[in-house]
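To start, the structure itself, in structure tokens.
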Amino acid sequence: MSDEEAPLDLVADFPAIPSGWAYLDTAATAQKPRAVIDAITRGYDDTYATVHRGVYQRSADMTLAYEAARATVARFIGGSPEEIVFVRGATEAINLVAQCWAGTQLRAGDRILLSQLEHHSNIVPWQMVAQRVGAAIDVVPLTDDHRIDLDAMAAMIRPEHKLVALSHVSNVLGSVLDVRRAADIAHGAGAKILIDGCQAVPRVPVDVAALGCDFYVFSGHKLYGPTGIGALWARTALLEAMPPYQGGGSMIDRVSFERTTYAPPPTRFEAGTPHIVGALGLAAAIDYVTAIGLPRIHAHEAALVRDARAALARFNSVRLFGPEDSAGIVSFALEGVHPHDIGTIFDEHRVAIRAGHHCAQPLMATLGVDATARASFGVYNGADDIAALVAGMERVVRIFG
Ligand code: PMP
């Protein structure tokens with residue numbers, strides 16, 4: 001086994017994971033490595049000041065650090081700094097595109113194409129704008145092994161579809177989208193494509209140029225960074241054509257009561273004092289995963305998923321969702337046992353999983369369940385966590401017979 005293939009052993013980097021606790025809820029939010037916690041502490045400590053406005057040295061230094069964080073995000077996903085808008089997270093990024101791009105470009109009779117596995121964050125903002133402009137929404141079905149069915153997408157897309165919005169990696173199933181093919185299909189019909197990369201950036205290498213998408217969004221907190229910070233990447237021409245999202249300080253060029261002009265992107269979309277230290281924490285998180293290497297993280301989590309699926313499949317009446325090669329996430333159900341009961345019993349066993357609809361109620365309806373139990377992995381998980389998952393399942397089976 002080469003170093004590249006050896007399992008990661010990084011739990012010691014994560015002070016919030018006590019020994020003996022199996023943290024299997026990374027798809028909800030990732031724990032933070034010491035390097036990120038230190039970057040946040042440093043940010044509020046002897047380097048703290050505002051950005052963009054100060055004439056004193058500390059503020060000028062902080063502005064350089066904040067803009068360097070933007071450049072780090074850009075490099076991480078293959079974009080350029082002017083194409084990166086700092087936002088609160090994926091939810092805000094999607095709402096921004098829905099309001100500022102779709103809200104100004106779509107007309108009555110236009111259509112938006114989503115898929116059956118989308119997170120509510122990639123459904124509700126489109127419903128809100130569709131209602132406002134009189135557009136309609138269509139939904140791409142899933143394949144039998146729970147991937148977005150791109151053959152079906154190719155068959156159903158029409159010139160009325162102006163926007164396609166799909167998850168790169170499903171937060172419930174872990175299925176990985178062939179983004180390049182989806183982008184080619186969207187562009188072939190004249191539509192733009194937004195990719196929700198929330199679960200992808202911590203798990204697979206992302207290069208927006210190679211993927212060929214038009215908008216890419218993600219949250220920092222699922223990438224081992226802080227909450228309250230995330231990124232929207234969009235092609236410059238699209239950002240330039242978009243009106244501001246919110247008005248306030250920083251996003252302007254000149255203000256008078258007669259007429260206000262706006263700053264160019266990305267500043268135009270960052271009204272108010274930004275989450276300065278959040279951006280520094282996000283950059284530290286990106287440095288952390290980049291040093292490990294996304295291909296290595298992906299291989300590590302894919303091996304954990306394989307082991308978890310094989311271990312869970314040995315229990316009678318377990319139903320596993322998602323494809324065999326899903327990225328870092330396994331959803332399952334046990335016949336006759338509510339996923340919340342599984343989660344509660346696991347917790348007594350010091351195993352933290354998620355149980356519920358995972359903000360994907362339409363997907364639950366497609367799968368024919370109210371909820372699933374979900375184990376999701378990060379760089380800190382290993383064989384002990386799979387053993388804890390199995391011990392938790394044995395206890396559930398003992399209790400429920
Ligand atoms: N999309 C996906 C696929 C997600 O998993 C999540 C978070 N669960 C979101 C969007 C929303 O992210 P946030 O709550 O950080 O804005």
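The values are calculated or read from the model by the stated rules, or taken from the named source; none is laboratory data. The structure displayed is predicted, hence computed values, not measured ones. Heads up, the Cβs are rebuilt from the backbone with ideal geometry, glycines too, and the neighbour counts pull from every protein chain shown. Just so you know, the surface numbers come from the protein's heavy atoms only, side chains and all, with ligands and any DNA or RNA stripped out. Shrake-Rupley method; radii C 1.70, N 1.55, O 1.52, S 1.80 Å.
Taking segment 167-196 as the region of interest, how many residues are of a type in the set (Asp, Glu) and not in a helix (DSSP H, G or I)?
2
Suppose the filter is open to solvent by less than 10 Å² (accessible area, probe 1.4 Å) and more than 19 Å from the chain's Cα centre (by Cα); does ALA136 pass it?
So ALA136 fails the test.
Can you go through VAL201, VAL164 and tell me which one is touching a helix residue (DSSP H, G or I) at 6+ places or on another chain (Cβ under 8 Å), in a strand (DSSP E or B) and within 16 Å of the ligand (Cβ to nearest atom)? Before you say what the answer is, go through the steps one by one.
Numbers: VAL201 fails: in a strand (DSSP E or B).
Of VAL201, VAL164, the one residue that is touching a helix residue (DSSP H, G or I) at 6+ places or on another chain (Cβ under 8 Å), in a strand (DSSP E or B) and within 16 Å of the ligand (Cβ to nearest atom) is VAL164.
Exactly one condition in (1) within 16 Å of the ligand (Cβ to nearest atom); (2) touching a residue at least 40 places away in the same chain (Cβ under 8 Å); (3) surrounded by fewer than 16 Cβ atoms within 10 Å (Cβ to Cβ) is not met by ARG158; state its number.
All conditions are met except number (1).
Identify the single condition in (1) more than 30 Å from VAL396 (Cβ to Cβ); (2) open to solvent by 60 Å² or more (accessible area, probe 1.4 Å); (3) not small (Gly, Ala, Ser) that LEU223 does not satisfy, given that it satisfies every other one.
(2)
Being touching a residue at least 40 places away in the same chain (Cβ under 8 Å) and part of a helix (DSSP H, G or I) narrows it down to one residue among TYR288, TYR245; which is it?
When all the criteria are applied, what remains is TYR288.
Please return the ranges of helices (runs of 4 or more DSSP H) entirely within segment 300-401 where 2 or more residues are without any contact (Cβ under 8 Å) to a residue 12 or more places away in the chain and over 23 Å from VAL140 (Cβ atoms).
Filter on segment 300-401 gives 339-348, 383-400.
Regarding GLU92, is this residue assigned by TED's automatic domain parsing to the domain that holds GLY228, closer than 24 Å to PRO205 by Cβ and open to solvent by 10 Å² or more (accessible area, probe 1.4 Å)?
Considered against the rule, which asks whether it is assigned by TED's automatic domain parsing to the domain that holds GLY228, closer than 24 Å to PRO205 by Cβ and open to solvent by 10 Å² or more (accessible area, probe 1.4 Å), GLU92 comes out as no.
Would you tally the residues in segment 293-320 being surrounded by 15 or more Cβ atoms within 10 Å (Cβ to Cβ) and either touching a Gly at 6+ places or on another chain (Cβ under 9 Å) or under 30 Å from VAL73 (Cα atoms) (or both)?
Of the residues in segment 293-320, 12 are surrounded by 15 or more Cβ atoms within 10 Å (Cβ to Cβ) and either touching a Gly at 6+ places or on another chain (Cβ under 9 Å) or under 30 Å from VAL73 (Cα atoms) (or both).
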